[in-house]
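Asks: Submitted below is the structure of interest, expressed as C-alpha cells.
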Amino acid sequence: MRLDIDAVSVTLSGRDVIEDVSLAVPSGQFTALVGPNGSGKSTLLRTVYRAHRPYAGTVRLDGRDLWSMPAAQAARSVGVLMQEQHTGFEFTVAEMVGLGRTAHLGFFDRFTHEDRDAVAEALDRTGLTAYAQRRVGQLSGGERQRVLLARALAGRPRVLVLDEPTNHLDVRHQLDLLELVRDLDVTVLAALHSLDLAAAYADAVAVLRGGKLVAHGPAAEVLTPSTIGEVFEVEATVHDVGGRPGFALRPRCVCPDGRCHWSCRRRAEALLSDAR
Amino acid sequence: MTALVHKLPLRAAAVPYPALLAVLGVGLTVSVVLATGLGAVAVPSGEVAGILAHRLTGGGDSAATADLIVWRIRFPRVLLSAVAGAGLAVAGAVVQGVVRNPVADPYLLGLSHGASVGAVLVLTTGASVLGALTLPLAAFAGASAAMGIVLALASRQGRLLPVRLILVGVAFGHLFAGITSYVLALTESSAAQQQIIFWLLGGLSGASWATLPIPAAVVGAATALLLVRARRLNALVLGEEAGAALGLNASRQRWYLLLLVTLLTGTVVAVSGGIGFVGLIVPHLARMLVGADHRRMLPITVVLGALFLLWADVAARTLVSPTELPIGVLTAFLGVPCFLLVMRARGLAGQETP
C-alpha cells in the first residue's frame, strides 16, 4: 500500500511544528525518518495514525484520503508502534497484543478465528509466545517494546508506522526488529535515531529539521557529512561498511579546553552573538 | 498482618476463571438466603429457603409472620442491596477506565454530590409534587445535572480529556458538597436534619418490591452492554494516542460511557442515598483477582459489589438493632481496611505503579 504525505502542515498550540512536508513511501518500501530532537518526526507520524490532524495538506493511502475515512478503516490499514505512556492497569501480553485487533471488531467485540490467528502469529513473530500470560508491567523495557510491535502486527497492517522502535532494545534485538520489519510485505515509515540503522535497513531516508523536510533519497546520497553536520550540528565522517555508509560522529567543539558540554555550547553562542 | 497479606491469593492464576466466578456466584446466592434470615427477628435459613422456593415457584400469600418478614420486607431489601452494590461497583470500574486512573469513582466526577444536592433540596423544602418518587427523581436529576455541568466544562471542541475531567469533577464535587452543607446549616427542623444526614450516608431502609425493578433493570442492562463492548473499554485505558492508532474514537467512547455511568449512579443513588467507597474499592479487588481485562474483571466486579453491599447492609441493620446505622458508615468501616490491605498487597507483590 502506497503512503503519500502531501504538503502537510501541523500546528501545536499555535506554533508550526510541521511545515509543508511532502513525502511518498512506495508500496512495500521502508523509509526512515531522521532528524534531531524536536524536529517534528513524531508529529509527522501522528498525522499518519490519525492522532493529530494536519491543518493543511493530505495523507493518502493508495490515493485515498486517510483523514476522510472512518477511524476504524484507517486503523485496519495502518499499524503503529509508538512511545507509550504507562497506565496503572495491568494487562497480560496476550491481552495487550489482542488490543491490536480493536479496529477489526464487530459490535459485540467477539474474537473470530482470524483474530486469534493474527494474535498468535504476532506473538510468534516477536518471540513472545511463551510470554503470553505474563503481565506487561513485569517485563523489561525491551520486552515491552516487542509487545508493542506485536500489537501493531496483530492488526495485520499494510502500512507500519514506527516511532523510535529500537528504544530500550539491546543491539541484537534492534537488528532482529528491523530485519523482521524489512522482511514483512508492508510499507514502513519509521523514525530512527541511529543513522547506521537507517542506512542499513531503509530504502530511503528522509531528513527533518525544524519541521521541514531538508533531504530525501537513498541513504548514500542523503546522509553526507555536510547534511549530517548541518542538521545535527556534529562533525561527521562517512566511511564505507560493506557497500553501505557507516558514520563516525564527533561533537562540533568550539571550546578551547575541548570539553564539549552543553554549557560550552551556550558560552560559544553567547560569544558569537556578542561578536555580531 | 504482613504474613496474612503474603498469603492472600493476589493473583488467582491458580484458580481457573470459571471456577472463581462459580464460587462467587454460589457465595452470592447463599449470602442472599443467609442475609434474608438475619435481622431483628431471625428466621432460620432453612425456613427462608423454603419460603423463597415457595414464592419463586409461584406460590401465593400466606398469613405466617415469617412469610411476611421474609418476602415482603427482607428479601426485596437484600436484593436491592445486591443490585445497588453491583451498580456502584460497575460504575466505579467504568469511571476508572474512562479517566485512566485506578483511584477514581463516581464521587470523583461530582456525580454523587450532585445527587445529594437534589435530594437535600427535596428534604428541606418538603416538596412532594411527585409523591414518593419525588426524592429519587430529585437525586437522579441532581446527578444528571452534575454530570452535565462537568462534561460541558471538561470538554473542549468535543474532546474529553481525563485530566480535565478529574479536575472539573473534583472542583464541582466540592461546590456541590458546599451547597449541601449550606442547606443543612440553614435547616432549622432537627428532624429534617436527621433525614438529610441519613440520606447523605446512604441507607436501604426504604427498600420494597416497588423500588427494585428500575435499578435492577438499569444495572442489568448497563452491565450487559458493557460486557459485550469490554474490549473497547480495554483499548480506552491505553489513552488517547494509542486509542487513535487502534481506530478507537476515545472522546466519543468517553461520552457514551459517562452517560451510562450517570444513568447507573443516578438510578442507584436515587434509591440508596450517597453510598461511598463501593465504586472505589470493589473494582480494585476484582483487578487483583483476575487482572485488568474488562471482559474478566467486570463480571467479578458485579458479584463482589453485590456481596460487599449486601453484607454491609446486614451489618447496618443488625449491629445496633433495632436502630439502623447509615450504610455509608459501614462501607467506610469495611472499605478502608480492605483498601489498605489491597494497597499493601500491591506494594508487596512488586506491582507498585508510578
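A quick yes/no check of all residues on (1) assigned to a helix (DSSP H, G or I); (2) under 27 Å from residue B:254 (Cβ atoms); (3) touching a residue at least 12 places away in the same chain (Cβ under 8 Å):
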position	(1), (2), (3)
B:172	yes, yes, yes
B:176	yes, yes, yes
B:185	yes, no, no
B:205	no, no, yes
B:221	yes, yes, no
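One line per residue, one yes/no per condition, for (1) within 14 Å of residue B:268 (Cα to Cα); (2) in contact with a Leu (Cβ under 8 Å, 6 or more places away or on another chain); (3) surrounded by fewer than 24 Cβ atoms within 10 Å (Cβ to Cβ):
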| residue | (1), (2), (3) |
| --- | --- |
| B:71 | no, yes, yes |
| B:108 | no, no, yes |
| B:147 | no, yes, no |
| B:157 | no, no, yes |
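Each row is one residue, and each column tells you yes or no for (1) farther than 24 Å from residue A:5 by Cα; (2) more than 10 Å from chain B (Cβ to nearest Cβ); (3) not small (Gly, Ala, Ser).
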site: A:67; (1), (2), (3): no, yes, yes
site: A:73; (1), (2), (3): no, no, yes
site: A:78; (1), (2), (3): no, no, yes
site: A:94; (1), (2), (3): yes, no, no
site: A:111; (1), (2), (3): yes, no, yes
site: A:114; (1), (2), (3): yes, yes, yes
site: A:127; (1), (2), (3): yes, yes, no
site: A:137; (1), (2), (3): yes, no, no
site: A:142; (1), (2), (3): yes, yes, no
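Asks: Now, a different point. Are any residues in the range B:285-302 surrounded by 24 or more Cβ atoms within 10 Å (Cβ to Cβ) and either more than 14 Å from chain A (Cβ to nearest Cβ) or not in a loop (DSSP other than H, G, I, E, B) (or both), and if so, which ones?
Replies: B:286, B:287, B:294, B:297, B:300, B:301, B:302
Asks: Tell me the residue from A:13, A:39 that is touching a strand residue (DSSP E or B) at 6+ places or on another chain (Cβ under 9 Å) and among the small types (Gly, Ala, Ser), please.
Replies: On the way: A:13 fails: touching a strand residue (DSSP E or B) at 6+ places or on another chain (Cβ under 9 Å).
Being touching a strand residue (DSSP E or B) at 6+ places or on another chain (Cβ under 9 Å) and among the small types (Gly, Ala, Ser) holds for just one of A:13, A:39, which is A:39.
Asks: Restricting attention to the range A:219-276, and to residues there that are closer than 16 Å to residue A:35 by Cα and assigned to a loop (DSSP other than H, G, I, E, B), which single residue is most open to solvent (accessible area, probe 1.4 Å)?
Replies: A:233
Asks: Next up: Could you please find all residues in the range B:206-255 being within 30 Å of residue B:72 (Cα to Cα) and out of contact with any Leu (no Cβ under 8 Å at 6 or more places or on another chain)?
Replies: Of the range B:206-255, the ones within 30 Å of residue B:72 (Cα to Cα) are B:206-224.
If the condition is that a residue be within 30 Å of residue B:72 (Cα to Cα) and out of contact with any Leu (no Cβ under 8 Å at 6 or more places or on another chain), then B:206, B:208, B:209, B:210, B:213, B:214, B:217, B:220, B:221, B:224 are the ones that fit.
Asks: Here is a follow-up. Pick from the range B:233-257 the residues that are assigned to a loop (DSSP other than H, G, I, E, B) and either touching a strand residue (DSSP E or B) at 6+ places or on another chain (Cβ under 7 Å) or of a type in the set (Gly, Ala, Ser) (or both): which of them is nearest to the other protein chains (Cβ to nearest Cβ)?
Replies: B:247
Asks: Moving on. What pairs can you find where one residue is in the range B:315-344 and under 18 Å from residue B:278 (Cα atoms) and at pLDDT below 80, the other is part of a helix (DSSP H, G or I) and of a type outside the set (Ser, Thr, Tyr), and their Cβ atoms are less than 6 Å apart, with a gap of 6+ or different chains?
Replies: If the second residue must be part of a helix (DSSP H, G or I) and of a type outside the set (Ser, Thr, Tyr), the pairs left are B:335/B:281; B:338/B:281; B:339/B:281; B:342/B:284.
So that you can scan it fast, the table gives a plain yes or no per residue for (1) in a helix (DSSP H, G or I); (2) within 14 Å of another protein chain (Cβ to nearest Cβ); (3) farther than 19 Å from residue B:140 by Cβ:
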| residue | (1), (2), (3) |
| --- | --- |
| B:39 | no, no, yes |
| B:42 | no, no, yes |
| B:46 | yes, no, yes |
| B:84 | yes, no, no |
| B:91 | yes, no, no |
| B:94 | yes, yes, no |
| B:113 | yes, no, no |
| B:118 | yes, no, no |
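Asks: Would you check if there is a residue in the range B:152-164 being under 22 Å from residue B:239 (Cβ atoms), of a type outside the set (Val, Ile, Thr) and under 16 Å from the mean Cα position of the chain (by Cα)? Spell out the reasoning first.
Replies: Going residue by residue through the range B:152-164, those that are under 22 Å from residue B:239 (Cβ atoms) are B:153-164.
Checking which are of a type outside the set (Val, Ile, Thr) leaves us with B:153-162, B:164.
Remaining after also requiring under 16 Å from the mean Cα position of the chain (by Cα): none.
No, every residue in the range B:152-164 fails to be under 22 Å from residue B:239 (Cβ atoms), of a type outside the set (Val, Ile, Thr) and under 16 Å from the mean Cα position of the chain (by Cα).
Asks: Is the range A:50-60 home to any residue that is within 10 Å of chain B (Cβ to nearest Cβ), touching a residue at least 24 places away in the same chain (Cβ under 8 Å) and polar (S, T, N, Q)?
Replies: Looking for residues that are within 10 Å of chain B (Cβ to nearest Cβ), touching a residue at least 24 places away in the same chain (Cβ under 8 Å) and polar (S, T, N, Q), one finds none in the range A:50-60, hence no.
The values are calculated or read from the model by the stated rules, or taken from the named source; none is laboratory data. Everything numeric in this text was worked out from a predicted model, so none of it was measured. When we count neighbours, we look across all protein chains shown, and the Cβ atoms used for this are built from the backbone with ideal geometry, even at glycine. The protein model used for the area step is the full one, side chains on, heavy atoms only, and it has no ligands, DNA or RNA in it. Shrake-Rupley method; radii C 1.70, N 1.55, O 1.52, S 1.80 Å.
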